[in-house]
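Only one structure is covered here, and it is reproduced in the block below.
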Amino acid sequence: MLHNPMREEGRLGFTLWLTGLSGAGKSTIAKLVADRLRKCGSRVELLDGDVIRTQICNGLSFSRADRDENIRRIGVLCEMLSRHDVIVIVAAISPYRAARNQLRLMLHPFIEVYVDCPLDVLIARDTKGLYRKAIAGEIVNFTGISDPYEAPLCPDVIVRTAYEAPQESACRVLSVLKARGLVSFD
Ligand code: ADX
């Protein structure tokens with residue numbers, strides 16, 4: 001059973017934002033956290049970059065301007081949903097620090113999770129086959145290969161997916177949410 005101490009203040013929603021390179025494990029961890037919170041009775045919406053880019057961000061490229069626009073639109077959704085007591089979990093590369101800092105200013109509470117995984121591990125795993133294509137030059141502006149990724153300087157949580165299982169990462173994220181008083185487990 002989930003009890004949220006913020007209920008009394010009328011605020012249940014917040015944004016949990018997972019940033020990191022493609023293939024680092026953002027979506028997997030986001031799903032695990034979402035499932036756990038839903039089981040406890042929370043209203044949770046999962047916004048995944050891969051999915052959002054087929055819907056409201058359909059047509060945006062991977063230029064800096066379009067990535068910033070992608071993140072801005074997701075941020076607007078987070079604001080709207082969290083205002084109505086939904087816990088919004090976002091899994092998006094969101095490579096630019098400035099765009100993420102804007103989110104922090106706009107969304108309250110905003111919990112930033114850095115899903116950290118070394119590039120050589122991601123290239124070896126290459127679950128979607130995108131790193132091979134990026135290295136071969138078949139995909140341009142690919143984050144980590146031909147486009148920058150600015151790691152968070154002061155994230156709320158860091159999970160290191162080369163060294164821990166997704167379930168462990170999800171547990172650590174949930175512990176931080178609990179420690180911040182955003183959720184509490186009986
Ligand atoms: S973001 O940079 O704008 O935040 P987002 O998370 O929405 O990116 O989408 C990333 C996903 O798009 C990747 O997981 C990958 O599947 C796909 N993708 C296709 N082209 C690229 C690219 N050039 N750079 C990064 N990801 C890409």
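Here are the numbers for the structure shown:
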read-out: Residue list for region 114-137, filter: β-branched (V, I, T) and within 27 Å of L153 (Cβ to Cβ); value: V115, V121, I123
read-out: Count of region 72-127 residues which are assigned to a helix (DSSP H, G or I) and either farther than 24 Å from R36 by Cα or among the polar types (S, T, N, Q) (or both); value: 21
read-out: Qualifying residues in region 139-179 (those that are in contact with a Phe, Trp or Tyr (Cβ under 8 Å, 6 or more places away or on another chain), away from the ligand (no atom under 16 Å from the Cβ) and open to solvent by 30 Å² or more (accessible area, probe 1.4 Å)) - the one nearest to A34 (Cα to Cα); value: K178
read-out: Residue check for V113: within 16 Å of the ligand (Cβ to nearest atom), aliphatic (A, V, I, L, M), surrounded by 15 or more Cβ atoms within 10 Å (Cβ to Cβ) and at pLDDT 95 or above; value: yes
read-out: I135 being of a type in the set (V, I, T) and open to solvent by 60 Å² or more (accessible area, probe 1.4 Å); value: yes
read-out: Some residue of region 50-62 being more than 16 Å from the ligand (Cβ to nearest atom), in a helix (DSSP H, G or I) and farther than 30 Å from G181 by Cβ; value: no
read-out: Only listed residue being more than 11 Å from the ligand (Cβ to nearest atom), over 15 Å from G23 (Cα atoms) and without any contact (Cβ under 8 Å) to a residue 40 or more places away in the chain, chosen from A124, A98; value: A98
read-out: Matching residues in region 74-98 - criterion: being over 14 Å from T15 (Cβ atoms) and open to solvent by 10 Å² or more (accessible area, probe 1.4 Å); value: I93, Y96, R97, A98
read-out: Any chance R83 is in contact with a Gly (Cβ under 8 Å, 6 or more places away or on another chain) and more than 16 Å from the ligand (Cβ to nearest atom); value: yes
read-out: Tally of residues being more than 22 Å from N141 (Cα to Cα) and either open to solvent by 30 Å² or more (accessible area, probe 1.4 Å) or not polar (S, T, N, Q) (or both) across region 13-52; value: 23
read-out: Boolean, A134 is among the small types (G, A, S), at pLDDT 95 or above and more than 10 Å from the ligand (Cβ to nearest atom); value: no
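The values are calculated or read from the model by the stated rules, or taken from the named source; none is laboratory data. Predicted model, so just to flag it, every value in this text is computed and none were measured. Because the Cβ atoms are built from the backbone with ideal geometry, glycine has one as well, and the counts that use them run over all protein chains shown. Quick note on the areas: whole protein, heavy atoms, side chains included, nothing else; ligands and nucleic acids left out. Shrake-Rupley method; radii C 1.70, N 1.55, O 1.52, S 1.80 Å.
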